[in-house]
Amino acid sequence: MKSKSIKGHSTAEIKTALTNCLSDGFKPTLAIVFLSIAQDHKAIIQLLDDKQISVFGVTTNGEFIDENTEKESVAILLLDMKRKHFNIYLEEYPKKNYREIAQNIASKAINDFQKPAFLIAASHLETDAEQLLFGISDITGNDVNVFGAMAGDDYTFSDQFVFTNGKESKVGTVVLVLDEDKINIKGVATCGWKAVGTVRTVTKSEGNHVYTVDNIPVLDITTKYGGLENVTPENENLLLEIAANFPLQLQREKGDPVMRPGLVVDWSDRSFLCSGTVPQGSKVRFSLPPDFDVMEKVIKGVQSLKDTEMPEADALVVFSCAGRILSLGPLMNQEIEGVKNVWNVPMIGMFSNGELARATGGNLEMHNLTTCCVVLKEK
């Protein structure tokens, strides 16, 4: 399978890059598109549609095809995968029936392929993305490979989109289903954020809505721990500060903790809506802002994936949390360069509002402040 990456800051630049990309006879069938909400996604889709290229698309908080990260741009990974080896579905969940919607998609996937694997992206900040994962595994079994991310919106915490040819949604999921008997897919999710302080108890929560920790409104205990100031609805930077520097770490009996930052504040009771489930009674700790060794941990994790499971690859897809670049700044480029150099194949990446992958310990879970690297290889 041949692949190529292109990028640009306008529809015109993408049109030129696409023309150049196809000039040697390359005939891609599939495009993975990561773009800013500032871009005209409908025009980009039309460019690809005119070339009969199927689109798996999602809006982001930043994009890259190499170690140089971009803002308000378009990044596209083009692949000449055989059409009979993939399908794309886009479904909405205005009733918040996430698990049911994912079950429906997985049921179609099982009809498509004996052994399906999934790339998934979802929009809307209130989405409980873990329910999407559970819905897929309900139908396919727990060993299924699923990787993906929550859409971004250039840190505005407003509207995010997922899209494909002829369809888009602010409250939905786009799913690329792959025939794993024909396309080898492997991935690794690595965080590196260190916990600090005592273990605390979630005393009231429903799904991904956390009300109190140690019987204190979760916003108040976060404010106290983090020494936050100007904790008001008018503070446009508050959610970024909480998500990037003071997320909750959900403790688990087996495997690494998973991150659960607050993405939406309910000011009526000072509660959080997180990107993934936080069960009532579960144990949490707060986090320290990251040290430089978190980048080394990601690169080592990716190198281990190559050494043990995926010695060769045709393409690389990276879902990295927006909080990582907020915390690491220009150093983030070093992490991306290190990841790219492991296989040195065409790559595409985005900064997301949450990452979806199999965690340490084997469970499909929602992550934050995590880098999820996915490699594809035609068998």
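The numbers here are math on the coordinates, done by the rules we state, and not lab data. The structure presented is a predicted model; accordingly, all values stated were derived computationally and were not measured. A quick note on method: Cβ atoms are made from the backbone with ideal geometry, for glycine too, and the neighbour counts reach across all protein chains shown.
Data overview
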| item | result |
| --- | --- |
| Qualifying lysines (Cα of each under 20 Å from Cα of Lys7; at least 8 residues distant if same chain) | Lys15, Lys27, Lys42, Lys51, Lys71, Lys340 |
| Nearest-ten-degree value, helix 332-343 long axis tilted from longest Cα axis of the chain | 40 degrees |
| Using alpha-carbon coordinates, inclination of helix 293-308 to the longest axis of the chain, degrees | 50 degrees |
| Where chymotrypsin sites (Phe, Trp or Tyr not before Pro) in DSSP loops with at most 11 other Cβ within 10 Å are excluded, longest remaining stretch of the chain | 1-266 |
| Exposure proxy ranking, count of Cβ atoms within 10 Å, fewest first, for Ile336, Ile110, Ile76 | Ile110, Ile336, Ile76 |
| Label point distance in nm, Lys224-Val345, each placed 7 Å from Cα along Cα→Cβ | 5.1 nm |
| GNM flexibility winner over the chain from Pro28, Pro311, Pro217 (Cα, springs under 10 Å) | Pro311 |
| FRET E, pair Glu253, Lys42, Förster distance 45 Å, beta-carbon r, rounded to 0.05 | 0.45 |
| Full-stretch length increase - Glu309, Ser107 - with 0.36 nm per residue and alpha-carbon distance subtracted | 69.9 nm |
| Ascending count of other beta-carbon atoms within 10 Å, so fewest first, for His209, His124, His9 | His9, His209, His124 |
| 0 to 90° range, to nearest 10: angle between helix 41-50 axis and the chain longest Cα axis | 20 degrees |
| Selected from Ala129, Asn363, Val144, residue furthest toward positive end of dipole (the chain; charges at beta carbon) | Val144 |
| Charge tally in the Cβ shell below 13 Å around Glu100, where Lys, Arg are +1 and Asp, Glu are -1, Glu100 excluded | -1 |
| Alpha carbon Rg of the chain, scaled by the compact-globule rule 2.2 N^0.38 Å | 0.93 |
| Residue-span extension gain [Glu13 to Asn215] - 0.36 nm each, minus C-alpha spacing | 67.4 nm |
| Cα point-scatterer Debye curve for the range 195-287, base-10 log of I(q)/I(0) at q = 0.13, 0.18 Å⁻¹ | -0.36, -0.71 |
| Cβ-placed point charges (K, R +1; D, E -1), dipole of the range 141-269 about Cα centre in debye, nearest 20 | 460 debye |
| Qualifying GluC sites (Glu not before Pro) for the range 34-96 [loop in DSSP, other Cβ within 10 Å: at most 16] | Glu72 |
| Zone residues, the range 13-38, relative to Glu72, backbone N less than 14 Å from point 7 Å out along Cα-to-Cβ | 36-38 |
| Nonlocal amide H pairs with Asn165, under 5 Å, H built at 1.01 Å | Val55 |
| Selection from Asn333, Asn184, Ser271 lying farthest towards where the dipole of the chain points positive, charges on Cβ | Asn184 |
